[in-house]
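These notes concern the structure reproduced below.
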Amino acid sequence: MFGYWFAALRRSAPAALVVTLLVSVLMVGVLIAEDPSGWAAALLQAVGAGVGWGVVFACVTATSNTFHAARNTARLGLPLDARAASVPSVRRFTLPVPPGTTAYQLTDAVLHALKQVPQPRAGEVTEFTHGRLALTYGPLGGVGVTLGVALTTDGGSASVELVARPVGRRRKLDGGASWAVLTATEPVVRQALLEEAVA
């Protein structure tokens, strides 16, 4: 849990820096307006207050996200991992397949397997083409997740890329929702491809 908290703290640092700058600029403006001759003291006081607010913002953000991530991963029976703070979550692997197997066959097998999983439950299929698949999941802890699957075949092997990211606006943190969906579905994708390879 602490590993995730520190990872979330690092990812919230850019937003905390923005908060620090905004508070510092606003406060120095107010203090100099009150006493124009004390600009040096006002600058020092404003920077100190800005840093304080930035640290509080980062800690509150990291703590809130850690709480949501712990709940999201527990719902799917997963341990909370520091990697859950990464958005988007990406996995790549290669598996052997019989020569002549098409990416469409593999994509169809993966879609069928993912639709059978009770938790997390696959929602709408937003893309299904030759070697590309995208499904929505959730919301998980209030965050909808899109799982993208890209498959390419080359002779006797299939290369797979799984990408899970929050639906809608870009997020630096999503309470571990993307990682949880990816971690729960990756074994299903692998198993579907292995079964297709021996069918």
Among residues of region 1-46 being β-branched (Val, Ile, Thr) and either in contact with a strand residue (DSSP E or B) (Cβ under 7 Å, 6 or more places away or on another chain) or open to solvent by 70 Å² or more (accessible area, probe 1.4 Å) (or both), the residue modelled with the highest pLDDT is Val18
When every residue in region 112-122 that is of a type outside the set (S, T, N, Q) and open to solvent by 30 Å² or more (accessible area, probe 1.4 Å) is compared, the one nearest to Asn72 (Cα to Cα) is Arg121
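Of the residues in region 60-98, how many are in a helix (DSSP H, G or I), touching a Phe, Trp or Tyr at 6+ places or on another chain (Cβ under 9 Å) and either of a type outside the set (A, V, I, L, M) or over 15 Å from Leu182 (Cβ atoms) (or both)?
Here is the first cut: in region 60-98, the ones in a helix (DSSP H, G or I) are 60-75, 82-85.
Still in the list and also touching a Phe, Trp or Tyr at 6+ places or on another chain (Cβ under 9 Å): 62-63, 65-66, 69-70, 72-73, 82-85.
Cutting the leftovers down to either of a type outside the set (A, V, I, L, M) or over 15 Å from Leu182 (Cβ atoms) (or both) gives us 62-63, 65-66, 70, 72-73, 83.
Number satisfying all stated conditions: 8.
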Going through region 47-61 in order, the residues found to be among the small types (Gly, Ala, Ser) and modelled with pLDDT under 90 are Gly48, Ala49, Gly50
Restricting region 155-171 to residues that are open to solvent by 70 Å² or more (accessible area, probe 1.4 Å) and part of a loop (DSSP other than H, G, I, E, B), the one nearest to Met1 (Cα to Cα) turns out to be Arg171
In region 75-99, anything open to solvent by 70 Å² or more (accessible area, probe 1.4 Å) and either hydroxyl-bearing (Ser, Thr, Tyr) or free of Cβ contacts under 8 Å to residues at least 12 places away in the same chain (or both) is listed as Pro79, Thr94
Contact list, first residue from region 172-187 and touching a residue at least 60 places away in the same chain (Cβ under 8 Å) and open to solvent by less than 10 Å² (accessible area, probe 1.4 Å), second anywhere and part of a helix (DSSP H, G or I) and of a type outside the set (A, V, I, L, M), beta-carbon distance below 6 Å, six or more apart or interchain, is Gly175/Asn65; Gly175/His68; Gly175/Asn72; Gly176/Asn72; Gly176/Thr73; Ala177/Asn72; Ala180/Asn72; Ala180/Thr73
Taking region 64-74 and keeping residues closer than 13 Å to Arg11 by Cβ and either surrounded by fewer than 19 Cβ atoms within 10 Å (Cβ to Cβ) or without any contact (Cβ under 8 Å) to a residue 24 or more places away in the chain (or both) leaves Ser64
Listed by first then second residue, the pairs whose first member lies in region 1-27 and is touching a residue at least 60 places away in the same chain (Cβ under 8 Å) and in a loop (DSSP other than H, G, I, E, B), whose partner is among the β-branched types (Val, Ile, Thr) and open to solvent by less than 70 Å² (accessible area, probe 1.4 Å), with beta carbons under 7 Å and at least 6 positions apart or on separate chains, are Met1/Thr66; Ser12/Thr61
Margin query: Can you say whether Val56 is in contact with a strand residue (DSSP E or B) (Cβ under 9 Å, 6 or more places away or on another chain) and either among the β-branched types (Val, Ile, Thr) or not in a loop (DSSP other than H, G, I, E, B) (or both), as far as the supplied structure shows?
Written below: no
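The values are calculated or read from the model by the stated rules, or taken from the named source; none is laboratory data. Bear in mind that the values here come from a model prediction, so they are computed numbers and not experimental data. In this analysis, Cβ positions are derived from the backbone assuming ideal geometry, glycine residues included, and neighbour counts consider all displayed protein chains. Just the protein is used for accessible areas: all its heavy atoms, side chains included, with ligands, DNA and RNA removed. Shrake-Rupley method; radii C 1.70, N 1.55, O 1.52, S 1.80 Å.
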